[in-house]
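Structure first, then comments.
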Protein chains: 2
Amino acid sequence: MIVAVAERGLRERKKAGTREALAAATLQLAVERGWEHVTVEAITAAADVSYRTFFNHFSAKEEALLVPAGPDQPRLSARLRAQPPGTAVLDAVRAALHEELAELERDPAALRDRMTVVLATPSLIPRLVEMGSADERETAQAIAERTGQDVEADLYPALLAAVVSAAVRVTLWRWQQLGGATGLVTVVDEALDALAGGLPPPPPVA
Amino acid sequence: MIVAVAERGLRERKKAGTREALAAATLQLAVERGWEHVTVEAITAAADVSYRTFFNHFSAKEEALLVPAGPDQPRLSARLRAQPPGTAVLDAVRAALHEELAELERDPAALRDRMTVVLATPSLIPRLVEMGSADERETAQAIAERTGQDVEADLYPALLAAVVSAAVRVTLWRWQQLGGATGLVTVVDEALDALAGGLPPPPPVA
DNA sequence: TGACACGCTGCACTCCCTGCAACGTTGCAC
DNA sequence: GTGCAACGTTGCAGGGAGTGCAGCGTGTCA
């Protein structure tokens, strides 16, 4: 179901190839030079395509860095909807997050590089928020469906979606801090446990 | 201490005047035309200053909309540090948020307008995250100081700071939804209570 | 009142991003 | 295989954001 995407004819393969080349060139150049010294022109030169083509694949420079996998990649809201109906909301969210992060972790080196670039470039952080949770609204909707609430009328769905988004951000940051030694899933679970516990006022007071 | 800022000589008053004029023009034009149809040139024309001057006051177009009050405005981290030392972290955070939001609510009409513009322009939402919590790092640091933890080593401070940031965002959104009828403080308390309660799985199931 | 500080201005420039009109290749039906 | 339609790529022209720099005028302070 997720696999069938890649093999659909020469045309689509070439297209995917171009996107991949652009994303790879973007990441490499960003690591080498620093984000603000990477121009779209340099990226397209490295990927050997025209300047204009870049924007046929990405709506913004940041997208090439932060969302290298195309729009076919299932988003968090979709994963959440795919969870078995009976499950409690928080458990379903946790499971969806596990899937999402496991996917990210399939290429840990690239993720490390991306996070390095982001952390070195404060202006990218909000972009990460934007991309990573471009479907925060959609996620809120999915949560609402699960709890039988209304996204407009009730606070809970939007709040949970926003908090999850924040948790993901912190997870990525912390994972990077830990040098990638600990798995993403482990880190996000730590965050989710803290949240589910009501943000215990002062933890053990080290 | 906070008051003394405004009255410091003709020069500073004029400077503050231009900034205010630019911010006001920005908001008004954004409401009238929609954010993406507002150019910096139009803003400066309305405020009767040169194009270049705009960027002497704001580092980006969005800043004029989202952070109209200059950098002198005490940020959340500062307010958090100002809370009495004995207080529990969550209580201190809550108090700091109350102050922050009360300040915002001093001009409800402007806040309403700003939120209207933001909600009508998805790309502005992450910017709101950036601006509203440009000092999220600083807030995390302040939290760490309060809990006696280390921002680098411990997850808690960064997580709480991120979650608070998310809560503020949802609060503003919901306040707007409610038509400003309910006070910001009331709304944020609702969010904070939910968080402190550990995101109770499915609330009353309406 | 004279010298300095500093905000404002104009200009030239880089870069992001878009709309539009070709062009060449792929996919498909006959 | 041939012709046609679909589609990814390309080039170009242009608007708008944001920056560095040099000069000007006004507030500030000794």
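Quick notes on this one:
- Residue B:171 meets all of the listed conditions (1) in contact with a Phe, Trp or Tyr (Cβ under 9 Å, 6 or more places away or on another chain); (2) of a type in the set (Ser, Thr, Tyr); (3) in contact (Cβ under 8 Å) with a residue 40 or more places away in the chain but one, namely (1).
- Residues in the range B:41-65 that are part of a loop (DSSP other than H, G, I, E, B) and of a type in the set (Ser, Thr, Tyr) were compared, and the one that is farthest from DNA strand C (Cβ to nearest atom) is B:59.
- Cβ separations smaller than 7 Å between residues 6+ apart or across chains give no pair from the range B:10-33 residues that are not assigned by TED's automatic domain parsing to the domain that holds residue B:44 to residues that are open to solvent by 40 Å² or more (accessible area, probe 1.4 Å).
- Only a single criterion out of (1) closer than 21 Å to residue B:178 by Cα; (2) touching a residue at least 12 places away in the same chain (Cβ under 8 Å) is not satisfied by residue B:106, namely (2).
- The requirement of being surrounded by 12 or more Cβ atoms within 10 Å (Cβ to Cβ) and within 28 Å of residue B:164 (Cα to Cα) is fulfilled somewhere in the range B:35-42, by at least one residue.
- Taken over the range A:160-205, residues that are at the interface with chain B (Cβ under 7 Å from one of its Cβ atoms) and open to solvent by 30 Å² or more (accessible area, probe 1.4 Å) amount to 9.
- Check on residue B:74, in a loop (DSSP other than H, G, I, E, B) and under 15 Å from the mean Cα position of the chain (by Cα): yes
- Look at (1) within 23 Å of residue A:178 (Cα to Cα); (2) at pLDDT 90 or above; (3) within 13 Å of DNA strand D (Cβ to nearest atom) and you find that residue A:61 fails only one, number (1).
- Only listed residue being modelled with pLDDT under 95 and more than 15 Å from the chain's Cα centre (by Cα), chosen from B:13, B:106, B:81, B:19: B:13
- When B:25, B:21 are checked against the criterion of being of a type in the set (Gly, Ala, Ser), away from chain A (no Cβ under 14 Å), within 14 Å of DNA strand D (Cβ to nearest atom) and in a helix (DSSP H, G or I), a single residue qualifies: B:25.
- Unmet criterion (only one of (1) open to solvent by 40 Å² or more (accessible area, probe 1.4 Å); (2) within 26 Å of residue A:86 (Cα to Cα); (3) more than 7 Å from chain B (Cβ to nearest Cβ)) for residue A:136: (1)
- Residue in the range A:71-86 that is within 16 Å of DNA strand C (Cβ to nearest atom) and under 19 Å from residue A:99 (Cβ atoms) present: yes
- Residue match in the range A:32-48 (condition: of a type outside the set (D, E, K, R) and closer than 30 Å to residue A:185 by Cβ): yes
- Test: residue in the range A:70-88 that is within 22 Å of residue A:24 (Cβ to Cβ) and free of Cβ contacts under 8 Å to residues at least 12 places away in the same chain: yes
- Residue in the range A:171-194 that is among the hydrophobic types (A, V, I, L, M, F, W, C) and closer than 25 Å to residue A:60 by Cα present: yes
- Exactly one residue out of B:31, B:67 is within 14 Å of chain A (Cβ to nearest Cβ) and more than 8 Å from DNA strand D (Cβ to nearest atom): that is B:67.
The values are calculated or read from the model by the stated rules, or taken from the named source; none is laboratory data. Predicted, not measured: the structure shown is a model, and the values here were computed from it. So basically every Cβ, Gly included, is an ideal-geometry build from the backbone, and we count neighbours across all protein chains shown. The area values use the complete protein model at the heavy-atom level, side chains included, leaving out ligands, DNA and RNA. Shrake-Rupley method; radii C 1.70, N 1.55, O 1.52, S 1.80 Å.
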